[in-house]
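Q: One structure coming up, written as structure tokens, with questions to follow.
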Amino acid sequence: MLPVPSEFDLFGVYLSPLLVSAVLALVCAMLTARLLNRYRLSRFISQPALAFLSIVGIYTVFFGTFVIPA
């Protein structure tokens, strides 16, 4: 049987685990984009917006699978 993820309680407001992992992923992707810009590695990316969305998706799957408890 698969474990069912439980909601997060934030001052009486229940948040879904996907929302929490997506917000965490967005913050980490912003930090990653800032680091890529700082060290001028973003010049090798032809579609920066698409790369940013891809990084957000990768982080969301990572946090949703490994970090957020089920």
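Q: Around Ile45, what is the net charge, scoring Lys/Arg as +1 and Asp/Glu as -1 over all other residues with Cβ under 15 Å from its Cβ?
A: Surrounding charge for Ile45 is +4.
Q: Here is a follow-up. Please calculate how many Å² of accessible area the chain carries per residue, with a 1.4 Å probe and no DNA, RNA or ligand atoms counted.
A: 83
Q: Here's another thing I want to ask about it. Out of (1) 51; (2) 43; (3) 36, which label holds the value of percent of Cα pairs over 17 Å apart that was computed here?
A: (1)
Q: Between Val23 and Arg43, what length in nm is gained on full extension when 0.36 nm per residue of separation is reduced by their alpha carbon distance?
A: 4.6 nm
Q: Report the calculated FRET efficiency for Glu7 and Val67 (r = Cβ-Cβ distance, R0 = 22 Å), to the nearest 0.05.
A: Values: r = 16 Å, r/R0 = 0.72.
Efficiency, from the Cβ-Cβ distance: 0.90.
The values are calculated or read from the model by the stated rules, or taken from the named source; none is laboratory data. In this text the structure is predicted, and so the values were computed from the model without any measurement. With ideal geometry, Cβ positions are generated from the backbone for all residues, glycine too; neighbour counts draw on all protein chains shown. Accessible surface is based on the protein model in full, side chains and every heavy atom, while ligands, DNA and RNA are left aside. Shrake-Rupley method; radii C 1.70, N 1.55, O 1.52, S 1.80 Å.
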